[in-house]
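Novice: Mind looking over this structure? Questions follow.
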Amino acid sequence: MVFDRVQKSYDGETLVVKDLNLSIGRGEFLTMLGPSGSGKTTCLMMLAGFETATHGDILLDGQPINNIPPHKRGIGMVFQNYALFPHMTVAENLAFPLEVRKVGKSEREEKVNRALDMVQMGAFGGRRPAQLSGGQQQRIALARALVFEPELVLMDEPLGALDKQLREHMQFEITRLAHNLGITTVYVTHDQTEALTMSDRVAVFNDGRIQQLAPPDELYEQPQNSFVAQFIGENNTLMGTVKEITNGVALVELDDGEVIDAKPVNVSKPGDRTLVSIRPERVEINKDRLSPDAHLIHAEVLEFIYMGDIYRTRLRVAGNDEFVIKTRNAPDQRRLKPGEHIEIGWLPDDCRALDAR
Ligand SMILES: Nc1ncnc2c1ncn2[C@@H]1O[C@H](COP(=O)(O)OP(=O)(O)OP(=O)(O)O)[C@@H](O)[C@H]1O
Ligand SMILES: [Mg+2]
């Protein structure tokens, strides 16, 4: 499935999808992740055929999607407002997509029961949607999208109404099922943990554009711009100006005058303003573990929190009071005290010099 230079405007003026190029492989689990209003649902609606692209093409198996009538697309869908048929029971709701596809009665019953069990709703087949809670309705909507084992499933925040435990169970069930049945899945969420744990690849959306498209580990380890770095996972950021770039290492002068090493990712030359970003777990407080010529900078300990497996320490670094470091609870790891002054550093590769937007 391919989005080829797709743009979308609802009012003929503003583009809510600006230039979307995306190719989704057969059997792939791809997640669209991004803040509210970034265009995720719009993209899903175009895939489903409920909205048309203003420019560009969407191809399914090489065919422009507009030429395929919706009922022939074999797409299972769960939308943000999971509308079930109110006049049908839960079991009838699930049997419906099977009836449309002429599945015989006994096979139908078997599949309906299996789908109900999957969402832990086995006892609710005889109820009507109005007699269910929001989260239960959402689970039924999910079961209905998967019951006919479609080749392609589109899911728009399908787990939003569920509590944490059930959500984690369903995340596992959905990915297991999708992989076992070889279903191609396009999944929309604004929950980054969900995106990282479930997906083969994640497309990070902002403002109608894909900011980065990558497998979860790459997204976390190698954010390509400051939006992605700040949107995915916890991150420390400092502002500065590039002094020089030599041998793939940028020397950055922070706004308080201190100098650090960073990997130049989204900066090109001396004088460029930059936002440098570093993960809390990559900050080193023990300089013996760094190379002798690493640049160290000064930090004041503001808060120390014992969290069992890790220590979480909040520092003041170059005027930033929210600089957080995580250190493993290990015999050789010192517990820091508020008010203490220390030096911190990192490997240049762990600190990324990004655009200063
Ligand atoms: N039917 C519509 N008519 C006009 N504008 C719309 C319509 N649907 C969405 N929009 C606008 O398009 C933009 C993208 O909306 P979209 O629903 O795709 O965002 P989203 O990423 O799914 O957000 P959320 O996480 O809140 O669901 C928004 O600015 C929204 O107001
Ligand atoms: Mg949406």
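Just so you know, all these numbers are worked out from the coordinates, no wet-lab data involved. Keep in mind that this is a model prediction, so the values were computed, not measured. When we count neighbours, we look across all protein chains shown, and the Cβ atoms used for this are built from the backbone with ideal geometry, even at glycine.
Novice: For the chain, what is the charge dipole size about the Cα centre, in debye to the nearest 20, if Lys and Arg each add +1 at the Cβ and Asp and Glu each add -1 at the Cβ?
Specialist: Values: 40 positive and 51 negative charges, 243 e Å.
Around 1160 debye, computed over the chain.
Novice: With the cut-off at 1.5 for a/c, could you classify the range 184-312 from its C-alpha gyration tensor as rounded, prolate or oblate?
Specialist: Since a/c reaches 1.5 but b/c is at least a/b, the shape of the range 184-312 is classed as oblate.
Novice: Lys and Arg at +1, Asp and Glu at -1: add these up for the other residues within a Cβ distance under 11 Å of residue 263 and post the number.
Specialist: Every neighbour counted, the sum reads -2.
Novice: Between helix 105-118 and the chain, what is the angle of the helix's C-alpha long axis to the longest principal axis, kept within 0 to 90° and rounded to the nearest 10?
Specialist: 20
Novice: Using only the alpha carbon atoms of the range 2-226, find the Kirkwood hydrodynamic radius as the inverse mean reciprocal pair distance, in angstroms to one decimal.
Specialist: 18.1
Novice: Let me know the number of lysine pairs in the chain closer than 16 Å at the Cα, not counting same-chain pairs under 8 apart.
Specialist: Lysine pairs, 8 or more places apart or on different chains, close enough: 9.
Novice: If you add up the charges near residue 183, with Lys and Arg at +1 and Asp and Glu at -1, over every other residue whose beta carbon is less than 9 angstrom from its beta carbon, what do you get?
Specialist: My count for the surroundings of residue 183 gives -2.
Novice: Further question on the same structure: Checking the a/c ratio against 1.5 first, then a/b against b/c, what shape does the Cα gyration tensor give for the range 124-193?
Specialist: oblate
Novice: I would also like to ask the following. Using the Cβ atoms and a cut-off under 11 Å, what net charge is assigned to the surroundings of residue 298, where Lys and Arg are +1 and Asp and Glu are -1? Please list the in-between numbers first.
Specialist: Working: positive: 316; negative: 256, 258, 300, 343.
Local charge sum for residue 298: -3.
Novice: Another question, if that's okay. Give me, ordered by chain and number, the residues 5 or more places off residue 212 or on other chains with an amide H under 5 Å from its own placed amide H.
Specialist: Amide H neighbours of residue 212, under 5 Å, 5+ apart: 204.
Novice: Evaluate E = 1/(1 + (r/R0)^6) for residue 165 and residue 109, where r is the Cβ-Cβ distance and R0 equals 22 Å; express this FRET efficiency to the nearest 0.05.
Specialist: 0.15
Novice: Given the C-alpha centroids of the range 222-279 and the range 307-344, what is the distance between them in whole angstrom?
Specialist: Measuring centre to centre over Cα atoms gives 21 Å.
Novice: If you take the beta carbon distance between residue 288 and residue 253 as r and set R0 to 35 Å, what does 1/(1 + (r/R0)^6) give as a FRET efficiency, to the nearest 0.05? Please list the in-between numbers first.
Specialist: On the way: r = 26 Å, r/R0 = 0.74.
Calculated value: 0.85.
Novice: OK, next. Report the full-extension gain for the segment residue 123 to residue 7: residue separation times 0.36 nm, less the Cα-Cα distance, to one decimal in nm.
Specialist: That pair, residue 123 and residue 7, stretches by 37.3 nm at full extension.
Novice: Only counting other Cβ atoms within 10 Å, I'd like 351, 43 sorted with the fewest neighbours first.
Specialist: 351, 43
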